[in-house]
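Read through the structure below, which is laid out as structure tokens, and then see the notes.
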Amino acid sequence: WRGSGEPGEARQILIIANPTAGGFNAGILEEIADKLRSGGHHVHIQLTQRAGEIGATCAGPSLKADVVVIAGGDGSINEAITGFGEHPAPPALAVVPFGTANVLAQELKLPFKPQKIAEMIMADRRKPLHYGLANGHPFVLMASAGVDAEVVHAIPLDLKRRFGKLAYVLTALKIAFSGRKGSDIE
């Protein structure tokens, strides 16, 4: 935190939400924001409108937040971490687990209930997050190559939204039985 960093101190909190993430729920964001505001914090919610916006916001030197809360999936979190790598003094990162699976939130055993998420932010409870680099890009969970990368790259967004995790299996089967590369799948 900037300032004294003591729990209970008023902080500038920016919630960046990806409204296209699976499980996106504006009501959950408002519930978290209301709880943080009732704790005396200054909260702003920013809904992304384009790919790359999270990274650009997190990298921007004009970012004045003490805490950036990413409400999205693993891709949104990765984008924030990429942006923080370019920021001169990155703020703390918190996560509202939306997304198809949000493996990171599950691995870190982060809360999924709005009240618990807000309490964790207000209490300044942290967990270490280490990242690796692949081809100069940070990643926090895994890097993939071969068929796995092909499936992730080829999965249609509308299929992912409709079927969630099952969309990965369907796309993998389509690639396997088509004999084509995933980039050739329509």
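The values are calculated or read from the model by the stated rules, or taken from the named source; none is laboratory data. These numbers were taken from a predicted model, which means no experiment stands behind them. Heads up, the Cβs are rebuilt from the backbone with ideal geometry, glycines too, and the neighbour counts pull from every protein chain shown. All accessible areas refer to the heavy atoms of the entire protein, side chains included, with ligands and DNA or RNA removed. Shrake-Rupley method; radii C 1.70, N 1.55, O 1.52, S 1.80 Å.
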Hey, what does the equivalent ellipsoid look like for the chain, semi-axes from the Cα gyration tensor as sqrt of 5 times each eigenvalue, largest first, whole Å?
32, 18, 14
Extending each Cα 7 Å along its Cβ direction at Gln106 and Ala123, get the distance between those two points in nm, one decimal.
2.4
Once the piece of chain linking Leu133 and Asp34 is laid out straight, how much longer is it, given 0.36 nm per residue of separation minus the C-alpha distance between them?
32.0 nm
Taking R0 as 45 Å and r as the Cβ-Cβ distance between Leu166 and His42, the FRET efficiency 1/(1 + (r/R0)^6), rounded to the nearest 0.05, comes to 0.65
If you line up the long axis of helix 166-178 against the longest principal axis of the chain, both from Cα atoms, how many degrees apart are they, to the nearest 10?
30
For the chain, dividing by residue count, accessible area per residue (probe 1.4 Å) in Å² works out to 55
Check the straight Cα-Cα distances from Lys127 and name the lysines below 28 Å, setting aside those fewer than 8 residues away within the same chain.
Lys35, Lys64, Lys109, Lys113, Lys116, Lys165
Give the angle, between 0 and 90 degrees and rounded to the nearest 10, that separates the Cα long axis of helix 26-38 from the longest principal axis of the Cα atoms of the chain.
20
When the accessible area of the chain is split by element with a 1.4 Å probe, what percent falls to carbon and sulfur?
56
